[in-house]
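See structure below.
A short reminder: the numbers here are calculations on the coordinates, not readings from a lab. Since this is a predicted model, take the numbers as computed values, not measurements. Here the Cβ is made from the backbone with ideal geometry for all residues, glycine too, and neighbour counts use every protein chain on show.
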Amino acid sequence: MKETRAGWEENVRQVVPYVPGEQPKEDGVIKLNTNENPYPPSPKVEAALRGEKVADLRKYPDPTAEMLVDAIAQQCGVTPDMVYPGVGSDDVLSMCFMTFFQSGKPLLFPDITYSFYDVWAQLYRIPYLAVPLDKHFHIQKEDYYTENGGIIFPNPNAPTGIEESQDMVEDIIQHNPDSVVIVDEAYVDFGGTSALPFVKKYDNLLVVQTFSKSRSMAGMRIGYAIGSPKLIEYLNRVKYSFNSYTMSRTAIEAGTAAMEDKDYFETTRNKIIETREWSKKELARLGFTFPDSKANFLFVTNPKLDAKKLFEDLKQAKIYVRYFDKPRINQYLRITIGTQEEMQALIHFLENYSQD
Ligand code: PMP
């Protein structure tokens, strides 16, 4: 931007936006950089989309997305008044920041985590504290015993893939009855344990999940929060003060179909877990180390290889992974688990690669 600023620019909200992973336009790319699911959505989604009446698109969607909410509630074993749907979990989380973190006290989250949290905090002018993870990238629960205006962390964490125990999650909730605690479970379906059972016990807990990873629907943009009816009511008040029609008719139809196809969900997530475990063995054989991931990605480093150079060389070979040029993690690459064939191609590249 230009050096000289017009007078009106003094009144513009200044933000440093989140930088999403690249969506390459070229063909033939092995895309392991944005934690998408390599498999298509359930065939029932295709059927639902084919059946969707184009003529109906002239009408507004159901602002409550009731059909989708009911399907999510049933799947998660809660009542529909405990479900808040949104346009991807980014939309849900952003709404949560706007709704719950208004105390003026600092919001707490790990220093290495989903890099949208500090962006929303800045956007909504919420003070925050990025709490350092320990040297093994684990949360120290005592760090969350201090006074705060809210707590958020992903479990499993991103970009590390590390899962914290449910004992630790419950301990943090118990120590913070005066704050809303959000557990971002974008990656929980790949072998992690969900904090969902706690939502009936603690009225200050929100669990946020997404259709973007385990349900292969990043392009449809569906996410949801589960929590006490009181929390959901507060979220809805803000939502209806912002945009009533967040979920399109298409997303409601397709999302409901995806939620109802349990078998397909199980099959694809198990395939990814299997490929992840295979990839762990192969990468370890090639000298990489990584925290034990419960997500659909691995966070790898190799003492013999410069991570940024490897990232660039992989890209040259049309294999896209994610590199974060940030303190503590600038010698790591985050590699999404693709199909078995894609991971074999990655391993093949690495077997023949050296920086000597
Ligand atoms: N939380 C975490 C930890 C993530 O990594 C992502 C994916 N970028 C999201 C939330 C948002 O995903 P979506 O908006 O696609 O549901």
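See the values below:
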item	result
Order of Y332, Y264 under a 10 Å beta carbon neighbour criterion, fewest first	Y264, Y332
Relative contact order, percent, the range 43-260 [alpha-carbon distance under 8 Å, six or more residues apart]	30 percent
Cβ charges +1 (Lys, Arg) and -1 (Asp, Glu), total dipole of the range 1-63, debye	260 debye
Sum of -39500 (n - 2.57) over DSSP H runs of 4+, divided by residues of the chain (222 nm, nearest 500)	-10000 deg cm²/dmol
The range 175-239 - percent relative contact order, Cα under 8 Å, separation 6 or more	30 percent
Whole-Hz ³J(HN,Hα) from phi, Karplus 6.51 cos²θ - 1.76 cosθ + 1.60, for the range 157-173, glycine and proline x	6, 10, x, 7, x, 6, 9, 8, 6, 5, 4, 5, 4, 5, 4, 5, 5
Restraint check, K239/K315; K281/K326; K262/K304; K271/K315, Cα-Cα greater than 32 Å	K239/K315; K262/K304
Distance between the range 148-210 and the range 6-29 - C-alpha centres, whole angstrom	29 Å
Cα lying deepest toward the dipole's positive end in the chain, options G287, I273, L310, charges on Cβ	L310
The range 53-163: relative contact order as a whole-number percent, Cα under 8 Å and 6+ apart	23 percent
Cα-centre dipole for the chain with unit charges at Cβ (Lys and Arg positive, Asp and Glu negative), debye to 20	600 debye
Rounded to whole Hz, the Karplus (6.51, -1.76, 1.60) HN-Hα couplings of the range 6-20, x for glycine and proline	5, x, 5, 5, 4, 9, 8, 5, 8, 9, 9, x, 5, 10, x
Charge dipole of the chain about the Cα centre (unit charges at C-beta), most positive-ward option of H136, V180, A121	A121
Whole-Hz couplings from phi, Karplus 6.51/-1.76/1.60, listed for the range 199-208; x for Gly and Pro	5, 7, 9, 10, 7, 9, 9, 10, 10, 10
Fewest-first ranking of W278, W120, using other Cβ atoms within 10 Å as the exposure measure	W278, W120
For the range 31-76 versus the range 237-314, the gap between their alpha-carbon centres in whole angstrom	19 Å
Net charge contributed by nearby residues that have their C-beta within less than 14 Å of P38 (K/R +1, D/E -1)	+2
Net length gained if the chain between D171 and V15 were fully extended (0.36 nm per residue, minus Cα distance)	52.7 nm
Most mobile listed residue (R50, R269, R334) in the chain, GNM with C-alpha springs under 10 Å	R50
Two-site FRET efficiency, Q316 against D81, from Cβ-Cβ distance with R₀ of 45 Å, rounded to 0.05	0.30
Ordering of 296-304, 191-199 by burial proxy (mean other Cβ atoms within 10 Å per residue, highest first)	296-304, 191-199
Amide H partners (placed H, <5 Å) of L107, local residues excluded	Y128, L129, G149
Cα radius of gyration and Dmax for the chain (Å)	20.9, 62
